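Single-structure report; data block below.
The values are calculated or read from the model by the stated rules, or taken from the named source; none is laboratory data. No experiment lies behind these values; they were computed from the predicted model shown. Because the Cβ atoms are built from the backbone with ideal geometry, glycine has one as well, and the counts that use them run over all protein chains shown.
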Amino acid sequence: MNITQLPYIKDIFAFMGSDLMAAVIGLLIIAVFVPLNVAFLVLVERKVAGHIQLRPGPMEVGPHGILQTLIDAVKLLGKEMVTPGMTDKVLFFLAPILVVVPAFVGWVPISFSPIMQIREMNVGVLLIFSFSSISILSILMAGWSSNNKYSLIGAVRAVAQNVAYEIPLLLSTMSVIIMTNTFRMSEIVNAQSSVWHILYQPVAAIIFIIATTAECNRAPFDLVEAESELVSGFHTEYTGMRFSLFFLAEYTNMVIAASMATVLFLGGWFGPFFPGLIWFVIKVYFLIFVVMWVRWTYPRLRFDQLMNFAWKVLIPIALVNLLITAIVLKVI
Amino acid sequence: MKTSNGFILYIQEILTGAKSLAVGLWITLKRLFSPIVTVQYPRKKLTMTPNFRGHIEAIRFDDTKTHHCVACGLCARICPSHVIKVQGEKTKAGDKKIGRHYVIDFSKCSHCGLCVDVCPEQTLKFSREYELVYYSRWDTVIDLMQRLEERP
Amino acid sequence: MPTAGQKKLLEELKNSLTQAVPEGQVEDSDYTRTGCHLEVRLDQGGMRRVAKVMLDKRFYLETITAVDFIDHFELVYLYSTYYQDVFRVITRIRIAKDATPFSVSAIYPGAIWLEREVYDFFGIRFQEHPDLKRIINPDDADYFPLLKNFGKTKFTEEIDDILC
Amino acid sequence: MLNIKTIDDATVNQRVYQLNLGPQHPSTHGVMHLLVTLDGEVVIKIEPIIGYSHRGHEKMAENRIYEQFLPNPARMDYLSGMIFNHGYCMAVEKLCGIEVPRRAEYIRVITSELNRIASHFIGAMDYAMGLGAITPFLWGWDDREQILDLLEGIAGSRLTYSYGRFGGVRNDIDQAFYNGTRRFIDRLRGRFWDYENLINQNIIFIKRSKGVGVISKEDALTYGVTGPSLRGSGVKYDVRKNEPYSAYPEFNFEIPTREAGDCLARYQVRMAEIEQSLNIIEQALDHLPPGPVRSKVPRFVTPPEGECYLTFESARGAVGFYIVSDGSRIPYRIKVRAPSFSNLFAMTKICPGHFLADVIAIFGSIDVTVPEIDR
């Protein structure tokens, strides 16, 4: 019997169509894929860091330590979740839950291949941007509720940093959007079937990657959790699974950012020989590798330099780039 | 004039900065593929240098088939941490004293080597053991003479 | 063998120091044996006048320390130069056990911590010190560790037969 | 100097807050506590609180004989243990009038300079880590590891060597050490390019350190700053050159100085000093004289009544040993002038007006070792 013929379900299907099915399956896939992916990325990060620093990285659990992060996750699950005294209990509890919401929702409009997309939306790009702002709110909540000066400084830094870097991020995205005249992810990718946008918009691509690095609070813009001055920044007081939720969100945001960059600039699923999904994954992981590589190469910026870099370098260049794009498009 | 100068400097700074960052990435990329220098310790072990200073050990001499300790106590006296106790006895009157017990608590030893230096009979040396982990603090108290007998 | 610069500095310093602290003794010191070129001995006070002269001559304050003798303290101020020909002046100030000498921290700000350290270890209270409190030992300590009657020294008990 | 106005006293109570950096904090090298008063992220006042690793070495000296104090100096500054050991031996030798064979002096210089390189690697790379670059730090450890292996080969220990003895050194160097040191010098020279380009030329590094934490010459003088921190302020003062000891007058080397006095200058001075130390080691290995490494010294030295002050250059500045002897085998008083002590106090002068992140940078660039401050 077809499940769609059942009463109630039939009504729901009549209302929403097969999109519901796609959404349910997609969300299930995401729920499985996100933690596993994060576990893999943490391992990759440790391996990259290790090999850059002339050491092998984790080696003990499993061959070449591939099970290390799973074991770590089990350890974190088993840890006591300490709530320090004098904290704002509700916010302290809510912040790590809220931080993973954008990390999950952000996957919805991304088109991994011509057929793999949970929900096609005509504002897909904007949806990701607007949801990514929620993670800042949760960082602020975490920092504020921890009742710890390090956390508070980290949270305040996070807000200022994200406000500043969202502008060049959106401006560089706009350069692509006015070329394709759409916010739909799949249409943006389809527009790059012959030439990738990175060739038309190299400056925008670089600005996009820099700004997303800053949005994800990755080095050299990791002032939110700058461990040499703020110990661990906004999640200093978090332990156990709550801490690992922040970790999960950070790495998932990285993947979403890399997927965005792939869609916007690197031609999405287009590439020779392999099927689209494989190309997409290769491109995403290459970008993530670059971000990790950068992290283990550069020192951290100071806060005023970070803001100066956004307002005095990235935003003017992004604006000029947008202007030139607009003029060129108009002339053509 | 001045503003254009400032603008040129601004562009220059961005370009030189970008170049320096690219060079940095190149250097780390090279190291990413260079061989690893660390040793996976419990699996692999480094060979100890012959001069390694572990805790002290009595030397077995060929002429007497045992140590030369005369229990003079100089090592016990010079030890900065006072961790050495020596006990000797005379087999008969007028004979030389012979060390019977030489007890050292090397958990408090700072491995300075003063006892080896000061020994008039030069019957002390450093062991080359470095994996000195025990379950009890009393396990670190050892009798060198007993160890010497047990040693092949 | 002192160089020409050191000889010149020695004469200059002797003059200005005898003017500044007429009550003290300013003597040459054997550099090869003691490591100092000039020695100033004073009884009670005068450290601030010496410090002023030293600052005028561009000396830096190497360290301040004290030695606990049986009936008196000896405050030791070591001044040295950044010049090519190094020159070191040692000022010994003999003070009574309960004396409160003056602080030189207004002249050499670096002395703030050095004097705190001396207070911390010897209990010598410096007058006009901006922030005289314990520095290395705990704030609530009621002992002064480097006094000869504290802890195990040869003045309080026999240490070991061979050692003395 | 950053152009930031600190606020006036009237509004202090409403806006400032205090932040405890330490006693356990990732970038206080060792156990120490910086009490920072902040307005936003701008430092108004900084107060180092020290003494967490106080072990009472000066008191310890008063109830043990001169030989028994031999292991202690290396434990004051664990990063330059060989240099401290060398200095203490020289101080006692000066007090007793003990001659040291020339070969021993050369070996002492070689080992001290190797130790200085190791210490400077920690200092410079730890500074880079304070700025957030973790990779150069571990590369620095890799190079330092080579030195520790070399020193372990002759001294038998990796950090607290106790290698010097009154009247010489404990044992002679062997061919393996000789060859290994030569190889190490070549290897390190080949790696300077990487450090130069990864760190010195990096725009973020330069932006973070240029003009940050300027120690003026006047401040250096009144606060008694010595070592690389002083030479970064343009004062050409190095005890090895100005007040030569051991075999240093026989070698040809430069004192690197920088005029700026900021964190970058101090870092550059350290890296330049590593190169000069390599030169010294090379010269010493070339002209290593034959002969004994230890002169005839009584088993327990008994210095005559008197006192002496001896300075030497550790990796952090001019260290002084002031020894008072009452003619017995036990020193009457040993005072150690710790360069980190004065250098750290100078930090309270230069930090106000900087950002919190700069405090870490300044602290790293001054390169203190906490056990040396606390003794």
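Among the listed residues D:152, D:145, which satisfies the condition of being part of a helix (DSSP H, G or I), within 14 Å of chain A (Cβ to nearest Cβ) and modelled with pLDDT of 85 or more?
Working: D:152 fails: within 14 Å of chain A (Cβ to nearest Cβ).
None of the others qualify; the one that does is D:145.
Considering (1) out of contact with any Lys or Arg (no Cβ under 9 Å at 6 or more places or on another chain); (2) in a helix (DSSP H, G or I), say which one residue D:158 fails and leave the rest.
(2)
For the range A:18-109, list the helices (runs of 4 or more DSSP H) that sit wholly inside it and hold at least 1 residues that are more than 17 Å from residue A:248 (Cβ to Cβ) and among the aliphatic types (A, V, I, L, M); which are they?
Output list reads A:19-52, A:89-105.
To keep it simple, each residue is scored yes or no on (1) away from chain B (no Cβ under 11 Å); (2) without any contact (Cβ under 8 Å) to a residue 40 or more places away in the chain; (3) farther than 22 Å from residue D:120 by Cβ.
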site: D:156; (1), (2), (3): no, yes, yes
site: D:159; (1), (2), (3): no, no, no
site: D:165; (1), (2), (3): no, no, yes
site: D:174; (1), (2), (3): no, yes, yes
site: D:179; (1), (2), (3): yes, yes, yes
site: D:192; (1), (2), (3): yes, no, no
site: D:197; (1), (2), (3): no, yes, no
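Give, as residue ranges, the helices (runs of 4 or more DSSP H) completely inside the range D:9-89 that count at least 1 residues that are more than 10 Å from every other protein chain (Cβ to nearest Cβ), among the polar types (S, T, N, Q) and closer than 30 Å to residue A:233 by Cβ. Even if it seems obvious, please write down each step before you answer.
Values: elements: D:12-15, D:57-61, D:71-76.
Output list reads D:12-15.
With the range A:114-213 as the region, which helices (runs of 4 or more DSSP H) entirely inside it contain at least 3 residues that are at pLDDT 85 or above?
Result: A:124-145, A:149-180.
In the range D:167-188, how many residues are closer than 24 Å to residue B:29 by Cα and either aliphatic (A, V, I, L, M) or surrounded by 13 or more Cβ atoms within 10 Å (Cβ to Cβ) (or both)?
Qualifying residue count, the range D:167-188: 2.
For the range C:102-111, which residues satisfy the criterion of being crowded, with 22+ Cβ neighbours inside 10 Å and either facing chain D (nearest Cβ under 8 Å) or under 17 Å from residue D:320 (Cα atoms) (or both)?
Hits for the range C:102-111 are C:108, C:110, C:111.
Within the range C:42-88, which residues are farther than 15 Å from residue D:319 by Cα, in contact (Cβ under 8 Å) with a residue 12 or more places away in the chain, facing another protein chain (nearest Cβ under 10 Å) and outside any loop (DSSP other than H, G, I, E, B)?
C:55, C:59, C:66, C:68, C:74, C:76
Yes or no, residue by residue, for (1) over 18 Å from residue A:224 (Cβ atoms); (2) away from every other protein chain (no Cβ under 14 Å); (3) surrounded by fewer than 18 Cβ atoms within 10 Å (Cβ to Cβ); (4) in contact (Cβ under 8 Å) with a residue 60 or more places away in the chain:
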site: A:286; (1), (2), (3), (4): yes, no, yes, no
site: A:298; (1), (2), (3), (4): no, no, no, yes
site: A:312; (1), (2), (3), (4): yes, no, yes, no
site: A:315; (1), (2), (3), (4): yes, no, no, yes
site: A:321; (1), (2), (3), (4): yes, no, no, yes
site: A:324; (1), (2), (3), (4): yes, yes, yes, no
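Restricting to the range B:23-57, what's the tally of residues that are in contact with a Phe, Trp or Tyr (Cβ under 9 Å, 6 or more places away or on another chain) and under 16 Å from residue A:55 (Cβ atoms)? Spell out the reasoning first.
Narrowing the range B:23-57 to residues in contact with a Phe, Trp or Tyr (Cβ under 9 Å, 6 or more places away or on another chain): B:24-25, B:27-29, B:31-32, B:48, B:51-57.
Within this subset, residues satisfying the condition of being under 16 Å from residue A:55 (Cβ atoms) are B:28, B:31-32.
Here the count works out to 3.
Return the total of residues in the range B:16-55 being more than 30 Å from residue B:139 (Cβ to Cβ), part of a loop (DSSP other than H, G, I, E, B) and of a type in the set (Phe, Trp, Tyr).
Residues meeting the conditions: 1.
For a quick check of your reading: which helices (runs of 4 or more DSSP H) sit entirely within the range A:239-315 and have at least 2 residues that are among the aliphatic types (A, V, I, L, M) and over 22 Å from residue A:106 (Cβ atoms)?
The helices (runs of 4 or more DSSP H) meeting that bar are A:303-308.
Residue C:99 fails exactly one of the following numbered conditions: (1) surrounded by fewer than 18 Cβ atoms within 10 Å (Cβ to Cβ); (2) not in a loop (DSSP other than H, G, I, E, B). What is the number of that condition?
If we test residue C:99 against (1) surrounded by fewer than 18 Cβ atoms within 10 Å (Cβ to Cβ); (2) not in a loop (DSSP other than H, G, I, E, B), just (2) comes out false.
Checking the structure you have, find out if any residue of the range A:310-328 is hydroxyl-bearing (Ser, Thr, Tyr) and within 16 Å of residue A:221 (Cα to Cα).
Scanning the range A:310-328, I find no residue that is hydroxyl-bearing (Ser, Thr, Tyr) and within 16 Å of residue A:221 (Cα to Cα), so the answer is no.
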